[in-house]
Structure formats: structure tokens, C-alpha cells
Amino acid sequence: MDPRSRSSGAREQLTRYGAAAAPHLELAMTRGRTSLRQRGARLRAKSWQVGQCAIAAGTAWAIATDVFDHQRAFFAPVAAVVCLGTSYGQRLRRVGEVTVGVSLGVFLGDMLIQALGVGGWQVALIVTLAMSTALLLDQGNLLVTQAAVQAVVVATLLPYPGAAFSRWTDALIGGGVALVAAAVVPRAPLRRPREQAGVIVRKISALLRAAAESILDGEVDQALEVLRDARATDELIGELRAAADEGLSVVRSSPFRRRHRGRVRAMAELVEPLDFALRNTRVLVRRVAVAAYRNEPIPPSYAALLDDLANLTDAIADELRAGRAATAVRDRLVELGRETAHVERTRDLSAEVILAQVRSLVADLLAVTGLDPLAATDLIPLAPE
């Protein structure tokens with residue numbers, strides 16, 4: 001065979017391999033960029049807690065070494081960081097568990113080492129007794145772990161009488177500094193549930209508008225793209241639930257934020273109706289995609305209905321962004337729900353499913369405005385057969 005022919009064939013084969021691999025490379029690059037953005041967002045979201053832990057650790061160390069003259073006060077900053085953590089939830093409980101766990105571990109470790117000496121079986125016995133005693137007192141994981149760890153540390157690093165007491169003092173110092181630091185909380189965790197709820201409502205609105213366009217033009221590729229977008233919304237509810245839990249933890253632990261408790265609790269109560277609304281939106285978008293794929297006709301009035309609902313959804317988002325309950329949108333939602341009983345009807349399954357999902361979504365959004373879910377359902381009249 002001519003060498004030039006072999007070279008040309010190899011180039012063609014490489015070109016085919018490159019063309020086949022191109023989509024995979026593009027997908028990998030897209031995921032890499034998304035992962036980088038997510039990591040940056042995670043760092044920005046936790047930057048306050050990182051700074052708070054750093055300042056608390058430095059303060060605890062300075063108090064233990066400069067005020068109490070402890071030569072090896074490493075556990076004071078450790079206790080402060082463990083108590084604060086990178087989330088606002090359960091901070092007060094963490095302080096108590098660390099303090100009690102350290103006290104228990106120090107006491108058992110110091111007592112048994114003086115009586116039995118240092119060795120492998122002594123360490124095993126100390127850990128067994130420390131963890132067992134901690135479990136009898138409470139089932140908190142942090143308390144049990146700290147009791148065992150501190151017993152080991154006392155037995156191995158401070159195996160002489162009297163030295164262990166400074167570790168218990170360091171635990172109190174670190175826990176005290178953490179308690180003071182925990183009371184200083186920014187407003188961001190209180191705003192975040194409201195902002196995340198607005199993001200979800202805006203997403204519902206965008207999906208409704210895209211579904212309306214798919215009904216009118218019948219483009220299968222566009223409808224499937226909207227469906228892929230809708231299926232990627234699960235994490236939005238998870239972020240809202242985490243933000244609501246964090247906000248509730250802040251108002252419980254910080255005396256300076258107690259006055260916000262009612263508003264934060266009201267936002268936390270939106271998690272369930274927003275979850276239902278997003279689920280119903282996904283089902284609606286999926287049925288629109290199925291109708292486009294099967295070339296099933298959907299009445300244009302249904303697209304107008306989706307557009308009207310998207311406008312009201314945007315109005316809800318505006319109210320949430322302004323920090324208000326969306327009660328101002330309630331009457332218009334009720335009116336739209338009543339209109340669904342008088343729109344054009346067909347015998348096609350897809351059209352019926354879309355109409356049913358619109359009615360369910362109106363009820364969910366009424367619940368977002370603060371209405372009882374059952375009362376919201378009663379406000380939407382039955383559609384005639």
C-alpha cells in the first residue's frame with residue numbers, strides 16, 4: 001500500500017475519532033465550568049462563617065495563653081471552631097456537647113492513668129469507659145467523640161497529675177468565645193430563604209412561558225430542551241430547605257435576631273407549597289413535550305393561560321423579593337383558577353393533563369400566598385365534563 005494512502009487513512013480515522021469525542025469533551029468542559037462556579041459560590045456563601053471561626057479561634061487562644069497563662073492551649077481554639085462550625089444550626093448544643101465531653105474525658109483519663117498507668121490496654125479501657133459513660137448521659141455524637149478523644153489525649157499527651165485540668169479550662173474558654181461569637185450573625189442568613197424562594201418562583205414563571213411557546217410552535221427540540229431544564233430544578237428546593245433551616249437556627253441562637261423569627265418562620269412554611277408547585281410545573285412541561293413529540297394539538301388558549309399564570313408568578317416573586325407576603329396576588333390567582341373551568345376542552349389526553357396541572361399549580365401558588373391548601377383547592381371550581 002502506498003504510504004501516502006496509509007497516512008491519509010490514519011488522518012481520516014483520527015478525524016472521525018475527534019468528531020466522536022467532541023461532544024464528550026464539550027460536556028466535560030461545561031461540567032468543569034459549572035463545578036468551578038458552584039465551588040466559588042459555596043466559598044462565598046460560607047465566607048462569613050470562615051471568618052467568624054478564624055476570629056473566634058484567635059481570640060480563644062489569646063485568652064487561654066495571655067490571661068490564664070496556659071503554655072499549650074491548643075484546645076481552646078479547637079473548641080471554638082468545633083462549636084461554631086460552618087453552619088448556624090445546633091450551635092448551642094455543640095457548645096454544651098464539647099464542654100461536657102471534654103470534662104468527662106479529662107476526668108476519666110486523669111483518674112485512670114493515675115491509678116493504672118499508661119499502656120495500650122489502659123487506653124482501650126479509658127476509651128470504652130468514656131464513650132459508654134457519654135452514651136449513658138446523651139446520644140449526641142459530638143459529646144461521645146469528644147469524651148473519647150480527650151480521654152486519649154490526657155492519657156497519652158498529659159499523663160501526669162494536674163496537667164489535664166488546663167484542658168477542661170481551655171474547653172470552657174473556647175466554648176465561651178463560641179457562644180459570644182454565635183450571637184453575632186449577619187442578616188444574610190435571614191434574607192437567603194426569601195431570595196431563594198424568589199429564584200424558584202422565577203424559574204416556574206420561565207418554564208411556564210417556555211411551555212406556552214412550545215404549545216404554539218410545536219417544536220419538538222425546543223419542548224425537549226425545556227423539559228431538560230425543568231428536570232434540573234430539584235436542587236433549587238434543596239437549597240431553599242437548607243436556607244430556611246439555617247435562618248431558623250439563626251433566630252433561635254442569636255438574641256439580636258429574635259425579632260425576625262416570625263418572618264423567617266413564614267418563609268420556612270413556603271418550602272412545601274413551592275416544592276409542590278415546582279413538581280406540578282415539571283409534570284406540565286413533560287406533557288407539553290409529549291404532545292409536541294406526538295404532534296397532538298393543544299388549544300392556543302392553553303398557551304395564553306400559561307402566559308397569564310407566568311405573569312402572576314412573576315408578581316409573586318416581586319412580592320417575595322420586597323419581603324412581603326404575596327397576598328396582593330391572591331385575588332388574581334383565584335380569578336385565573338375560575339377561568340380554567342371555562343376554557344376550550346378537547347378529548348386529547350395531553351390537553352386534559354395540561355389543564356389539570358394548571359389548576360393544581362394555581363392551588364399551589366395560592367398556598368404560597370399564605371392560603372390554606374384545602375381552602376385554595378375549594379376556590380377553584382370543577383371543570384365541566
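Since every read-out is calculated from the coordinates, none of them should be taken as a lab result. In this text, all values refer to a predicted model and were calculated from it rather than measured experimentally. Counting neighbours? That spans all protein chains shown, and the Cβs are built from the backbone with ideal geometry, glycine included.
The stretch between residue 372 and residue 36 holds 116.8 nm of extra length on full extension. This uses 0.36 nm per residue minus the Cα-Cα distance.
Given the Cα-Cα distance of residue 138 and residue 242 and 0.36 nm per residue of separation, how much length would full extension add, in nm?
Values: separation 104, 0.36 × 104 = 37.44 nm, distance 2.61 nm.
Full extension of this stretch gives 34.8 nm more.
Could you tell me whether the stretch 322-385 comes out rounded, prolate or oblate from its Cα gyration tensor? Rule is a ≥ b ≥ c as square roots of the eigenvalues, rounded for a/c under 1.5, then prolate if a/b exceeds b/c, otherwise oblate. List each step's numbers first, then the result.
Numbers: a/c = 2.45, a/b = 2.30, b/c = 1.07.
Here the stretch 322-385 falls in the prolate category.
The modelled label-to-label distance for the pair residue 50/residue 331, using points 7 Å beyond Cα in the direction of Cβ, is 5.0 nm.
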